[in-house]
Amino acid sequence: MRLLWVSNGHGEDTIGAMLVKTFQQQEPSFQHTVLPLVGLGRPYRSLPEVEVLEPTRELPSGGFSGRSPGFLWQDIKAGLLSLIGEQKRVLRQQDQDAAVAVGDIYALYLTVRAPVRPIIFLPTAKSDHISPHMKWEISYMKKHAAKVLARDAKTAEALRQAGVPAQYVGNPMMDAIQPKGVDFQLPPGITVAILPGSRREARANTPLLLEAARVLTDSLPERANFLFSRAPGIKLEDLLADLPPTWQILPGEGPVEAKLSAGKTQVHVSTYFSDIITQCQLVFGMAGTANEQAAGLGKPIVTCPGTGPQFTERFVRSQVRLLGGAVVSVERDPNALAEEAKAILQDKERYEFMAAQGRARMGERGATGRMVEIIAQIARAGTGPSMTNF
């Protein structure tokens, strides 16, 4: 059996790649072809025996061209329209046994361009906790998706009530957390994770979050340790390019690639994201999927709007609604971030409430294996909406 995977976004690529990897373990007879619509699809490229279709391209907005006319215009100048045309052409040439679309309704729309049925849709971008799917999106899912695996129970129930073949089996984002037992050699004290994001705007977020760490260090009676998570797609020198001179950059060792120092504040930089969010007690986070995963582990998050195309005020408001109190947003100011973090750490009842909210909204682990079983069953049955009139 052969599967076609289409995903549109960094987090979506991570979920898709995790499902493909699980397929390779549970259903090794399946072959996999993928088309990452946004970016280069790095999570897929690390897997063996996976065909990555071209074209793929990094665009200025990082996949968020729909969030403002300015971002859209930047992407158009960088070749967005020709990229879409080429991706449609490539999809029309596919002939796999089933397809999986991971992302928003646009991912499903492009997947429908391929003459491959049935289609399983994972709508990762929308939740009824934020805003319900629109009527036309529901109609499109009913017409083209053999199965919709929603990101939470509330969304799945709403889709079922509207006649969509929807189901909730858990959130695969939580299965991507795979700590390796890294010892960061931290002294006793509170550990705070710093998540600046995985896109270009992480560079602008870094000085802000580090200054918040410095302010928090000075305000707490106990020691605070800081673990800074660098996304593999961002070079360390680029991430730290705008640090003020008050910060020293020292070489690290082992899992710590660099140490940042400003007075009493010590920050360990590492790419071991799963270990970082597993070991911390609180998060300074300006990330999408990473914030959600941290919340799912019961780690309260303090955030603020960024300056780039992803972490806008609108996005932050949506994330606050999505995570149901596990994340609190403040103004873009290091003192405000530090003050809120201190308040949470020193209020046990509030801390436990935020932790419980995050766990409840994100769900337990194990969704990936259940999704693989469903996708394999549907692919073998070969059932789904007709390929005509698409």
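Would you confirm whether or not the stretch 343-355 contains a residue that is within 22 Å of the chain's Cα centre (by Cα) and surrounded by fewer than 22 Cβ atoms within 10 Å (Cβ to Cβ)? Scanning the stretch 343-355, I find at least one residue that is within 22 Å of the chain's Cα centre (by Cα) and surrounded by fewer than 22 Cβ atoms within 10 Å (Cβ to Cβ), so the answer is yes. Selection of the stretch 114-166 for residues being under 23 Å from Gly288 (Cβ atoms) and among the hydroxyl-bearing types (Ser, Thr, Tyr) yields Thr124, Ser127, Ser131, Thr155.
Say whether the condition of being buried (at least 24 other Cβ atoms within 10 Å of the Cβ), outside the structural domain of Asp238 (by TED's automatic domain parsing) and farther than 18 Å from Gly9 by Cβ is met by at least one residue in the stretch 91-104. Checked the stretch 91-104: at least one residue is buried (at least 24 other Cβ atoms within 10 Å of the Cβ), outside the structural domain of Asp238 (by TED's automatic domain parsing) and farther than 18 Å from Gly9 by Cβ. In the stretch 368-390, of all residues being modelled with pLDDT under 95 and either under 23 Å from Lys154 (Cα atoms) or among the hydroxyl-bearing types (Ser, Thr, Tyr) (or both), the one that is surrounded by the most Cβ atoms within 10 Å (Cβ to Cβ) corresponds to Thr383.
Checking Leu110, Leu83, Leu91 one by one, the residue that is assigned to a helix (DSSP H, G or I), under 25 Å from Pro172 (Cα atoms) and touching a residue at least 24 places away in the same chain (Cβ under 8 Å) is Leu110 and no other.
Pairing each residue of the stretch 309-331 that is assigned by TED's automatic domain parsing to the domain that holds Gln281 with any residue that is surrounded by fewer than 17 Cβ atoms within 10 Å (Cβ to Cβ) and assigned to a helix (DSSP H, G or I), provided the two are 6+ apart or on different chains, yields C-beta distances under 6 Å for Pro309/Arg67; Val330/Ala336.
Only residues that are within 24 Å of Thr289 (Cα to Cα) and out of contact with any Phe, Trp or Tyr (no Cβ under 9 Å at 6 or more places or on another chain) were counted in the stretch 184-207, giving 6. The set of residues in the stretch 144-175 being touching a Pro at 6+ places or on another chain (Cβ under 6 Å) and assigned to a loop (DSSP other than H, G, I, E, B) consists of Ala146 alone.
Scan the stretch 281-295 for residues that are more than 13 Å from Gly11 (Cβ to Cβ), of a type outside the set (Val, Ile, Thr) and crowded, with 23+ Cβ neighbours inside 10 Å and report the count. Steps first, answer last, please.
Taking the stretch 281-295 as the starting set, the residues that turn out to be more than 13 Å from Gly11 (Cβ to Cβ) are 281-286, 294-295.
Narrowing the set further to residues that are of a type outside the set (Val, Ile, Thr) leaves 281-282, 284-286, 294-295.
Among the residues that remain, those that are also crowded, with 23+ Cβ neighbours inside 10 Å are: 282, 284-286, 294-295.
Number satisfying all stated conditions: 6.
Only residues that are farther than 16 Å from Ser7 by Cα and modelled with pLDDT of 70 or more: list them for the stretch 47-71, please. Matches in the stretch 47-71: Pro48, Glu49. With respect to Ser139, is the statement that it is among the polar types (S, T, N, Q), on the phi < 0 side of the Ramachandran plot and touching a Lys or Arg at 6+ places or on another chain (Cβ under 9 Å) true? Judged against the criteria, Ser139 is not a match. Scanning the stretch 133-143 turns up at least one residue that is under 23 Å from the mean Cα position of the chain (by Cα), assigned to a loop (DSSP other than H, G, I, E, B), crowded, with 20+ Cβ neighbours inside 10 Å and not assigned by TED's automatic domain parsing to the domain that holds Val316. Condition first: without any contact (Cβ under 8 Å) to a residue 40 or more places away in the chain, hydroxyl-bearing (Ser, Thr, Tyr) and buried (at least 17 other Cβ atoms within 10 Å of the Cβ). Can you find one or more residues in the stretch 233-254 that meet it? No - not one qualifying residue is present in the stretch 233-254. Per the listing Gly181, Gly233, Gly252, Gly288, the residue uniquely more than 23 Å from Leu345 (Cβ to Cβ) and not assigned by TED's automatic domain parsing to the domain that holds Glu340 is Gly181.
Does Val182 meet the test of being modelled with pLDDT of 95 or more, in contact with a helix residue (DSSP H, G or I) (Cβ under 6 Å, 6 or more places away or on another chain), outside any helix (DSSP H, G or I) and among the β-branched types (Val, Ile, Thr)?
Values: modelled with pLDDT of 95 or more: yes; in contact with a helix residue (DSSP H, G or I) (Cβ under 6 Å, 6 or more places away or on another chain): yes; outside any helix (DSSP H, G or I): yes; among the β-branched types (Val, Ile, Thr): yes.
Yes: the conditions hold for Val182.
The values are calculated or read from the model by the stated rules, or taken from the named source; none is laboratory data. All figures in this text were calculated on a predicted structure; none of them were measured in a lab. Note that each Cβ is placed from the backbone with ideal geometry, even for glycine, and that neighbours are counted across all protein chains shown.
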